[in-house]
Amino acid sequence: MTGLPAPRRPHVFPRPLHRNGSVMSRVPQGPSRRLLLAGALAVASAALTGCSSDSDGSSGGAKRLRIGYFAFPSGDLIVKNRKLLEKALPDYKITWIKFDSGASVNQAFLGKSLDIAALGSSPFARGLAGPSPIPYKVAWILDVAGDNEALVARKGTGVSDVAGLKGRTVATPFASTSHYSLLAALETAGLKPSDVKLVDLQPQAILAAWQRGDIDAAYVWLPTLDELRKTGTQLTSSKQIGAAGKPTLDLAVVSDDLIAKDPKAIDAWRKAEAEALRVLKSDPDGAVKAVSAELGISAADAKAQIEQGVFLTPEQVTSADWAGRRRRPRQAAHLRRRHRRVPGPAEADRRRALRRRRPQGLLPQGAARCPQVRRRRPPRARPPPPTAPSGWTTSCTATAAAARPSPLSDPSI
């Protein structure tokens, strides 16, 4: 068609040439930034989804409960053997993890890899000490340490009492109930910790060092303790030290996260532990069968180990003698207001006697008849209101202030 301008051809840039004169081929373009960002977000979302599913427990959304236990006779072995917790919480994935010492249990709680665990009173106190206490609470008392923890010396050393350990090498797991009891035994015998060579060893390492002859004595618990007794002499036990006023306990602790998120699981676990304590009292044969199956020992050995422990009843565990007594809120508020110690009966009698002996002339008038009456302090004098400088126009407010009588001139005060 005439009269219309010819369409413009698109400008085509020439392809670059190599140094040798050949035409360079086009480099294929990579994915755009938008595609890269979308891919990264997808990978991150998948990773977060995987982490959340792992933290919740297992596949299928089942809740998880991780329980740490020790290989010595306690209610934990009965709960585990009879699957009492699995029956009470069928929708939970329950994992039992074996530990050898309280120090490793504390490390597991710091790593948030445990929900409930058995723990001695000494490592529990250590976990709460320091600037960063471990976030857990005591929820149960498994047993009171008795003859199942003891101090044993090798027969070849000739040591027959605790005082004879001076200058000897003694092994025990540090920061454990055995460590605490060992220090108490040394103090009772008149020895300082520096008078002996203390070695920090775990139970299995203690047995190996004992067999090699590297140590002279050891304070440890079952089942390693029974192996040491075969070639050693028992010097004292936690039952004797506890009777002297320094007992140790095997506790059960619960993480603060589980307390906040799943109190139902804690209630079910406490009921299962209470049932295990009843089995130890009412069905000793059944308890022996469960312990022997879990520890892989004979029924006779399991019975002997159970008899060395001191197990409380569920009623004793929850009593004020062992669980403590919470002060009433009204009484606590009253004590905070008073900011002083409440006198006991003897103190109250002493104060009454002092009031009777006080000369009557030194008491204010009326105080002899009623000791609670106190003379009131006269009110503090208030400064007069400021007056306006001379030559100024007094406002209505200043006029009202000047017309108001001074507190000192009021005869009613």
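The values are calculated or read from the model by the stated rules, or taken from the named source; none is laboratory data. No experiment lies behind these values; they were computed from the predicted model shown. Note that we place each Cβ from the backbone using ideal geometry, even for glycine, and neighbour counts take in every protein chain shown. For accessibility, only protein heavy atoms count, side chains too; no ligands or nucleic acids. Shrake-Rupley method; radii C 1.70, N 1.55, O 1.52, S 1.80 Å.
Structural remarks
- For the stretch 146-185, fraction of C-alpha pairs farther apart than 15 Å, in %: 41
- The stretch 162-315 - convex hull of alpha carbons, volume per residue in Å³: 149
- ILE259 paired with GLN211, simple spin-label distance in nm, labels 7 Å along Cα-to-beta-carbon: 4.2
- Cα-centre dipole for the stretch 109-204 with unit charges at Cβ (Lys and Arg positive, Asp and Glu negative), debye to 20: 300
- Amide H to amide H, with H built 1.01 Å from N, TYR136 comes under 5 Å of ASP256, counting only residues 5 or more places away or on other chains.
- Counted charge near LYS239, where neighbours are those whose Cβ lies closer than 9 Å (Asp, Glu -1; Lys, Arg +1): -2
- Sorted peptide list for 210-218, 255-263, 167-175, criterion being average Cβ within 10 angstrom, highest first: 167-175, 210-218, 255-263
- Cβ-derived FRET efficiency at R0 45 Å, ARG380 paired with GLN316, nearest 0.05: 0.15
- Packing, taken as the mean count of other beta carbons within 10 Å per residue, orders the peptides 291-298, 140-147 from highest to lowest as 140-147, 291-298.
- Its alpha carbons give the stretch 99-190 an Rg and a Dmax of 15.7, 46 Å.
- Prolate/oblate/rounded call for the stretch 161-218, Cα gyration tensor, a/c under 1.5 rounded: oblate
- Normalised per residue, the accessible area of the stretch 62-199 is 42 Å², obtained with a 1.4 Å probe and no contribution from ligands, DNA or RNA.
- Rolling a 1.4 Å probe over the protein heavy atoms of the stretch 224-275, with every protein chain left in place, gives an accessible area that is 52 percent carbon and sulfur.
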